[in-house]
1. How crowded by other chains is B:13-23, given as the mean number of beta carbons from other chains within 10 Å of each beta carbon?
2. About its Cα centre, how strong a charge dipole does chain A have in debye, to the nearest 20, once Lys and Arg get +1 and Asp and Glu get -1 at the Cβ?
3. With every protein chain kept in the model, how would you rank B:Lys61, B:Lys174 by accessible area, 1.4 Å probe, largest at the top?
4. Modelled label-to-label distance, A:Lys84 and B:Lys92, 7 Å Cα→beta-carbon offset: nm?
5. Once you put a point 7 Å from the Cα of B:Val20 and another 7 Å from the Cα of A:Val55, both along the Cβ direction, what distance in nm separates them?
6. Place +1 on the Cβ of every Lys and Arg and -1 on the Cβ of every Asp and Glu in the protein assembly as shown, take the dipole about the Cα centre, and give the residue among B:Ile151, B:Phe30, B:Gln48 whose Cα lies farthest towards its positive end.
7. Calculate, for A:Asp7 and A:Asn174, the FRET efficiency according to 1/(1 + (r/R0)^6) with r their C-beta to C-beta distance and R0 35 Å; round to the nearest 0.05.
8. Arranged from highest to lowest average of other beta-carbon atoms within 10 Å per residue, in what order do the peptides B:130-143, A:10-23, A:40-53 appear?
Amino acid sequence: MAFRDKDEWLKEYTEFSQIDAGNAEVTDGVYNNLRARLFPSPWLVFGKVVGVHAVVGYLSLAVCNQFGLNPFQTEQSLTGWFMKTAGHNICMLLCGVFFMMTTYLLANFLLTLEELESVRRHEWLQSSVIGLVSLAAFHFFGADLVATFALLWITGAVIGGFFTIEGSYQFRKNFVRS
Amino acid sequence: MANNDLKNSSDEELMEIYKVGDSIAFEILFARHSGRIQVYLARKVFSQREAQDLLQEVFFKLHRSRHLYDSALPFSPWLFSIARSIWLDHVKKRKIEKDYELERITALTPSALPTPIVELTNGNEFLERLPENQKEAVGMRVFDEATFEEIATKLSTSPENARQLVSRGLKKLKAVLGKRKD
């Protein structure tokens, strides 16, 4: 049912342009539904991301210990490899990157593109808050935090968050129709 | 930009602002164009409710495609193209559903037809309610186990049309059956 020629398109477009929309009543429900879909509440989205982070962050400790926390008692950890290849400072930075990256990568399975867009609007703030809360949780569970290392870690977390959100958003916007 | 300034902006200017995620720009564009699109869609689908659902899809698609919009070009034809493509997708989807239903009904061999329908057609009381060509087509299919090609030859029509006659006839009988159950 594609347009056979320009004239046909023009004819239908002219009819469309001449529609008198004066009597058309678009209900509030239509607008409200649409608005909720296109501009989801940042708080709700933040809540979802925090939920994902709590689970994924905890599980990620099995692969990459943070500040010596190893609840799964795994013998191999990315931390050891980072430490050996790049030294202590870079290790802290990379651990932060990894911790935040896993959360946002997996959050992609739960968030719509519009929700990801909402995350993106506050990405620095959101990653910083989640990073700080994570550090507080590490401390609560017995990690010994040193200011310099914690600073490097949170820098890594924010950078990791930024690149993962941006990468995920661009990928989904351009290649995924969902 | 203040809301009043935005209200005075052209559609093209609003789209530029909307591209970076401004929800007020969206609100103004929706207020300006939703009525016309709803009327356009309602004329196409003959249902106010479906038109409202499709209206949401139009603006959803506009939202997802907004980064592709070139503000050097007028907005209205672009919006019209989106509305039309949403309507076409809707038509295609409905056609697929209809074809599936047709396929499902006509794939039934007489022995696989639901017993009540066979009973109804046996009684002829209900079969009589069908138009002549449908009655004949259903009768041939149910009693004679004729193929659609055979029915087509007998009724001097195409096999496709014979399939439709049987399908419509069976649908009507199913409707009668439904009423009788009530």
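The values are calculated or read from the model by the stated rules, or taken from the named source; none is laboratory data. All figures in this text were calculated on a predicted structure; none of them were measured in a lab. Using ideal geometry, Cβ is built from the backbone for each residue, glycine included, and neighbour counts are taken over all protein chains shown. Just the protein is used for accessible areas: all its heavy atoms, side chains included, with ligands, DNA and RNA removed. Shrake-Rupley method; radii C 1.70, N 1.55, O 1.52, S 1.80 Å.
1. 1
2. It comes to approximately 560 debye.
3. From most exposed to least exposed: B:Lys174, B:Lys61.
4. For the pair A:Lys84/B:Lys92, the computed spacing is 5.4 nm.
5. Here the answer is 3.6 nm between the modelled labels.
6. Farthest along the dipole direction, towards plus: B:Ile151.
7. 0.55
8. So the order, starting with the most tightly packed, is B:130-143, A:40-53, A:10-23.
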